[in-house]
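Everything on this sheet refers to the single structure shown next.
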Amino acid sequence: MKDITILGAGIAGMGAAFHLKKEGSQPEIYEKRSRPGGHTSSHAVEGGFIYDEGPHVSFTKTERIQELFAESVEDQYEVIQVYANNYWKGHWIKHPAICNLHGLPDDLVVDIIKDVAELQHEETKDEYDNFADWLIASYGKTFSETFPFEYNQKYHTTHPKNLSTDWLGPRLYKASFEEVVRGALSPVTKDVHYVDHFRYPTHGGFESYLAMFKKDVAFHLEHEMVRLEPKDKKLHFSNGTSLDYKQLVSSLPLPEIIKRIDGVPEEVREAASKLACSICVCVSVGIDRSDISQAQWSYFYDEEISFARTSMPHLLSPKTGPEGTGSIQCEVYFSEKYKPLNKSLEEIEKDVLRDLRKCNLVREDDTILCVDTRLLPYANVIFDLDRVKSLETVHAYLDELDIHCCGRFGEWGYHWTDESFISGENAAEKALSRL
Ligand SMILES: Cc1cc2nc3c(=O)[nH]c(=O)nc-3n(C[C@H](O)[C@H](O)[C@H](O)COP(=O)(O)OP(=O)(O)OC[C@H]3O[C@@H](n4cnc5c(N)ncnc54)[C@H](O)[C@@H]3O)c2cc1C
């Protein structure tokens, strides 16, 4: 019998363990994979390259987490000024596109400016029915249809009219009319990205930030929880072992834990089935050249380009690959609810290599040194219009069973690593208070 058991050894599970250690317990985590880290794992692959599971950088403003991360890497981290850009029909546009229209076709720029000028006379509302309405009210119809509608279809796998606005926060920049006009007239604009700099470990990829959270924690790896008996508070694992618990902290994706619990009421099962999340196929390509791009990450709007976003691991730390080489990591999105994975990983890899050449990130004379393709079955929570209500139903049910959900997929939110960690700490605190 364990008082508190933690499921999932990602950064949320580690946050929970960190809190329990502080409170004098010896935390134990049960994890299905053969290594701890979850989405914050870094993988050393052929040719001496290191790849994270999608681009992972730390831009936490919480000093305590900054210090913990720094301690983990013994202060060896890079501090990098953000430079992001966009690709649209052969044009490279500084981010955010609305403030950097210079060089785009005249008719498009004129139509966007006309729309934005008209918006100046309209009242903004406090709430919008959906994300598409918010976009049109913020940027006008022409810009919205040309850029964010296209991007969101690729990244969230559904039209913005199916999305809510409760995830936006500072993510999308609201430009003034003057900023839009100045950006159309001049190629030089001020930086207005919502994050201006970030930190990244010098050695070993993002996972190095977890070093101190792994200390004094008992990890039970290759323990996939396959069945939970709620009445007896018993967990069963794929390797045949089982365990009783009093309180459970779970960072498992909500649809996964619900599937595994005996006797879940129909309305809870139905609510869980409505929770939408994207699937990411992450294709990382190492080449014999580092002058690929200045942008640490780029957004791709064109439907015919398979990936929604690229990032450059060697610009986060040059130690992520051999000297003189560079890497491009590409994210291609699907989702069970809106755009089921309809291709093999080999086909997706081929599409990505074709498209990298199309937009000249990989040139004909480049030598490809490695290609690493990974499937992330849970990537980004899709904030569709079913989310809030379904989530309330699922969380209320799990809470009654003394299951305290945490992390990106337990809270079912847009959590960054620092938020997932803190969410784990909070769940552990709640579990302790229930003992
Ligand atoms: C493409 C991408 C880019 C991102 N970029 C950034 C970034 O730049 N900066 C940032 O701060 N954050 C970023 N994030 C977010 C970050 O990855 C998450 O906040 C964080 O990793 C979530 O941690 P977690 O512990 O909640 O979930 P996870 O890491 O998913 O951990 C859950 C764990 O549960 C395990 N598990 C699942 N099912 C079972 C089972 N049945 N039994 C036992 N174990 C199980 C899994 O194997 C996993 O290890 C990004 C995410 C993605 C997808």
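Where a number appears in this text, it was derived from the coordinates with a stated rule and is not lab data. Predicted model only: the values in this text are computed from it and were never measured. All Cβ positions, even for glycine, are placed from backbone atoms using ideal geometry, and neighbour counts span all protein chains on display.
Compute the Rg to Rh ratio over region 334-435 from the alpha carbon atoms, using the Kirkwood formula for Rh, and round to two decimal places.
Details: Rg = 19.9 Å, Rh = 17.2 Å.
Using Cα coordinates only, the ratio equals 1.16.
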HIS404 long-range amide H proximity, modeled H, under 5 Å:
LEU248, VAL249, SER250
Calculate how steeply helix 11-22 sits against the longest principal axis of the alpha-carbon atoms of the chain, using the helix alpha-carbon long axis, and give the answer as 0 to 90 degrees to the nearest 10.
50 degrees
Coarse-grained scattering of the chain at q = 0.10 Å⁻¹, given as base-10 log I(q)/I(0) from a Debye sum over alpha-carbon atoms:
-0.76
To the nearest 10 degrees, how steeply does helix 106-119 sit against the main Cα axis of the chain, on a 0 to 90 scale?
60 degrees
Long-range HN-HN contacts of VAL381 with modeled amide H, under 5 Å:
SER278
Amide H contacts of THR202 (H built 1.01 Å from N, under 5 Å, at least 5 apart or other chain)
TYR77, GLU78
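Any idea what the dipole of the chain comes to, in debye rounded to 20, about its Cα centre with Lys/Arg Cβ at +1 and Asp/Glu Cβ at -1?
Working: 48 positive and 71 negative charges, 137 e Å.
The dipole magnitude comes to about 660 debye.
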Report the one residue of LEU7, GLN76, CYS99 whose Cα lies farthest in the direction of the positive end of the charge dipole of region 1-141 (charges on C-beta: Lys and Arg +1, Asp and Glu -1; origin at the Cα centre).
LEU7
Could you please state, rounded to a whole Å, how far the C-alpha centre of region 173-217 is from the C-alpha centre of region 339-367?
26 Å
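Determine, for each peptide in 74-87, 326-339, the mean count of other beta carbons within 10 angstrom over its residues, then list the peptides with the highest first.
By packing density, highest mean first, the sequence is 326-339, 74-87.
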For region 200-217, in residue order, the Karplus 3J(HN,Hα) values (coefficients 6.51, -1.76, 1.60; θ = phi - 60°; whole Hz; Gly and Pro = x) are 8, x, 5, 10, x, x, 4, 4, 4, 5, 8, 3, 6, 7, 7, 5, 6, 10
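What does the highest-first list of 27-35, 183-191, 393-401 look like by mean Cβ count within 10 Å?
On the way: 27-35: 18.7, 183-191: 13.4, 393-401: 16.9.
Final packing ranking: 27-35, 393-401, 183-191.
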Output ³J(HN,Hα) for region 353-362: one whole-Hz value per residue in order, computed from phi by the Karplus curve 6.51 cos²θ - 1.76 cosθ + 1.60 with θ = phi - 60°, and x for Gly and Pro.
5, 4, 6, 5, 6, 4, 9, 6, 6, 10
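Sorted by mean Cβ packing within 10 Å, highest first, what order do the peptides 4-12, 144-152, 165-173 take?
Result, highest mean first: 4-12, 144-152, 165-173.
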Which of these, ILE368, ILE382, ILE279, has the largest mean-square fluctuation under a Gaussian network model of the chain (Cα springs below 10 Å)?
ILE368
Largest-first ellipsoid semi-axes for region 278-376, taking √(5λ) over the Cα gyration tensor eigenvalues, angstrom
23, 13, 13
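With +1 on each Lys and Arg Cβ and -1 on each Asp and Glu Cβ, and nothing else charged, work out how big the dipole of region 278-376 is about its Cα centre, in Debye to the nearest 20. Write out the running numbers ahead of the final one.
Values: 12 positive and 17 negative charges, 56 e Å.
Its charge dipole is roughly 260 debye.
Can you give the helix-only mean residue ellipticity at 222 nm for the chain, where every DSSP H stretch with n ≥ 4 adds -39500 (n - 2.57) and the sum goes over all residues, rounded to the nearest 500 deg cm²/dmol?
Numbers: 14 runs with 137 residues, N = 435.
Helix contribution divided over all residues of the chain: -9000 deg cm²/dmol.
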Relative contact order (%) - criterion: Cα under 8 Å, at least six apart; region: the chain
27 percent
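Relative contact order (percent) for region 96-185, with alpha-carbon contacts under 8 angstrom and 6 or more residues of separation? Let's see the in-between values first.
Details: 83 pairs, mean separation 42.4, N = 90.
For region 96-185, the relative contact order is 47 percent.
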Taking only the alpha carbons of region 1-90, the radius of gyration and the largest Cα-Cα distance, Dmax, both in angstrom, are 17.1, 61
In whole Hz, with x marking every Gly and Pro, tabulate ³J(HN,Hα) for region 154-169 from phi via Karplus 6.51 cos²θ - 1.76 cosθ + 1.60, θ = phi - 60°.
6, 7, 9, 6, 8, 5, x, 5, 8, 10, 8, 10, 7, 10, 5, x
